[in-house]
Amino acid sequence: LWGQPFTKQQLLTIGAELGADVPIFIHGHSAFATGIGDQFTDVEPDQSYYLVVKPQVNISTAALFADAGLKRDCKPLSPSQWDWQNTNNVFESVVLKQYPAVAKLHAQLLNYGPTRLTGTGACLFTRFANQQQAIAAQAQLSLPESYVVRGQNRSSLIRTLTQI
């Protein structure tokens, strides 16, 4: 895209140095990531619609990692075991405890469907069966910063790069 002569492996190495959550975006396909976020098993989850909401707070990732209530002994799952119902975000309970504004918004969104925290937050996302339901919820909630998006199993950036 920028005319740089990097291979995908070089980009993955650079991405891993930036953070464990970066390589999955360079990988460019929905995947189950293991290791330090650098080993991938491609998956094909439903491409649902989501309402993504950004509460008007900033969250300290360092403070979350320092919280004594952060669960650190999760049993590893294999890609075949992954399912929305049997997984969770260990940061969610800590964020909801420390940030009342996020907890309030989370409770509101649960009225519309399954809701999760993105990473260490502060964004929340709620899954919908179709775009119309997501748009209707967005309109009812009158949120300052929210987006209706559709999940994709292949990155649009990768599509752009492979068309060059």
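Numbers for the structure displayed
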item: Selected residue [under 30 Å from Ser142 (Cα atoms), of a type in the set (A, V, I, L, M, F, W, C) and more than 16 Å from the chain's Cα centre (by Cα)] from Val90, Val57; result: Val57
item: Subset of the range 79-94 (residues that are in contact (Cβ under 8 Å) with a residue 12 or more places away in the chain and part of a loop (DSSP other than H, G, I, E, B)); result: Trp82, Asn88, Asn89
item: Test: Ala16 is farther than 30 Å from Leu143 by Cα and aliphatic (A, V, I, L, M); result: yes
item: Count - residues of the range 27-49 that are open to solvent by 40 Å² or more (accessible area, probe 1.4 Å) and within 27 Å of Glu145 (Cβ to Cβ); result: 4
item: Qualifying residue in the range 34-47 (condition: part of a helix (DSSP H, G or I), closer than 30 Å to Gln138 by Cα and not hydrophobic (A, V, I, L, M, F, W, C)); result: no
item: Whichever residue in the range 128-164 is closer than 30 Å to Thr61 by Cα, open to solvent by 90 Å² or more (accessible area, probe 1.4 Å) and outside any loop (DSSP other than H, G, I, E, B) and, among such residues, is modelled with the lowest pLDDT; result: Arg154
item: All positions within the range 37-61 that are within 24 Å of Leu105 (Cα to Cα) and in contact with an Asp or Glu (Cβ under 8 Å, 6 or more places away or on another chain); result: Val53, Lys54, Gln56
item: Test result for Leu64, touching a His at 6+ places or on another chain (Cβ under 9 Å), within 24 Å of Leu110 (Cα to Cα) and open to solvent by less than 80 Å² (accessible area, probe 1.4 Å); result: no
item: Which numbered condition Phe91 fails, given (1) surrounded by fewer than 20 Cβ atoms within 10 Å (Cβ to Cβ); (2) modelled with pLDDT of 95 or more; result: (1)
item: Among (1) within 20 Å of Phe32 (Cα to Cα); (2) open to solvent by 90 Å² or more (accessible area, probe 1.4 Å); (3) touching a helix residue (DSSP H, G or I) at 6+ places or on another chain (Cβ under 8 Å), the one test that Gln56 misses; result: (1)
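Residues checked against (1) in a loop (DSSP other than H, G, I, E, B); (2) over 28 Å from Thr41 (Cα atoms); (3) modelled with pLDDT of 95 or more:
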site: Ala62; (1), (2), (3): no, yes, no
site: Pro76; (1), (2), (3): yes, no, no
site: Leu96; (1), (2), (3): no, yes, yes
site: Ala103; (1), (2), (3): no, yes, yes
site: Thr126; (1), (2), (3): no, no, yes
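The values are calculated or read from the model by the stated rules, or taken from the named source; none is laboratory data. As the structure is a computational prediction, the values presented were derived from the model and not from experiment. With ideal geometry, Cβ positions are generated from the backbone for all residues, glycine too; neighbour counts draw on all protein chains shown. For accessibility, only protein heavy atoms count, side chains too; no ligands or nucleic acids. Shrake-Rupley method; radii C 1.70, N 1.55, O 1.52, S 1.80 Å.
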